[in-house]
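Just below is one structure, and these are the notes that go with it.
Bear in mind these aren't lab numbers, they're just calculated from the coordinates by the rules spelled out. Note that the structure is a prediction, hence the values are computed from the model and not measured. Positions of Cβ are generated from backbone atoms using ideal geometry, with glycine treated the same way; all protein chains shown enter the neighbour counts.
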Amino acid sequence: MFDWDGTLIDSFHADFRAYRAMFQALAIDFSEAQLHRYYSPNWYRLYRAARIPRRQWTHADRLWAAAYKDENPRLLPAARSVLNRLSRSFALGLVTSGDRKRVLRQLRHFRLTALLRTCICSEDALRRKPHPAPLREALRCMQITAADCVYVGDTPEDVEMARRAGVRSIGVPGAFPTSAKLKAARPDLLLHSITELPEILVPREAKVSLNARTASRKQRSQGLYLA
């Protein structure tokens, strides 16, 4: 299972331009430093930090979406080739906090829909990351157990969601301001790039295993760890 924004798609600058436009429209003084400090894939945490009244959250969502619609983020380098390689041995899914309309539009644009068995977006579960509900819904849709799955993401909320769902987590730092917090969250495996995934993930008796020999060798040389 994969996160979307920051893990497979380079949407950092698009997201933050949309946030700046939203705050300007709401006449809220919220600096870029504050955006970096309080950023979360559960954007209502950011709304609370910015003291946006709950009654304005729906309006804020619309302002953000209106600003984002003109953005054209790109796939991260090697994302397509990594997904293609992994799809030969694994069933792949997406669990994202992004709204379904936007995420599906991007998946169609990048021609990735055929590679994914399921796509769980913000509307598809009652709770959002770091609550385990979205990941549990993906497991239910794919009819697999937590032991059969790993989750790949770039934020501490991704790690917490996976841990609470009983799923092993793989952290891959991205462009969003979450790298230090991601490492502090101690995912089961921390990599430098998704390009390492095809070597690390090993299909074994219909379950996903972490290639501990390959991982530990990489970790000793690159400062990574396997919990």
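Observations on the model:
- Spatially near lysine pairs across the chain, Cα under 26 Å, sequence gap of 8 or more or different chains: 10
- In the chain, the DSSP-assigned H stretches of four residues or longer account for a calculated mean residue ellipticity at 222 nm of -12500 deg cm²/dmol, using -39500 (n - 2.57) per stretch and the full residue count as denominator.
- Degrees between helix 100-109 axis and first principal axis of the chain (Cα, 0 to 90, nearest 10): 60 degrees
- Length released on extending from His13 to Tyr38, taking residue separation times 0.36 nm less the Cα-Cα span: 7.4 nm
- Projected label distance in nm at Ala65 and Thr195, using a 7 Å step from Cα toward the beta-carbon: 3.7 nm
- Computed over the chain: relative contact order in percent, which uses C-alpha pairs under 8 Å that are six or more apart: 20 percent
- Tensor-based shape of the stretch 10-68 (alpha-carbon gyration tensor, a/c under 1.5 rounded, otherwise prolate or oblate): rounded
- Between Ala78 and Glu123, residue separation times 0.36 nm minus the direct Cα-Cα distance comes to 13.3 nm.
- Residues in the stretch 132-176 that a label on Ser87 would reach, taking backbone N under 18 Å of a point 7 Å out along Cα→Cβ: 142, 152
- Extended-chain gain in nm, criterion 0.36 nm per residue less alpha-carbon gap, His109 and Ala27: 26.2 nm
- Choice from Cys141, Cys119, Cys149 with maximal GNM fluctuation in the chain (Cα, 10 Å cutoff): Cys141
- Shape analysis of the chain places it in the prolate category; the axes a ≥ b ≥ c from the Cα gyration tensor give an a/c of at least 1.5, with a/b above b/c.
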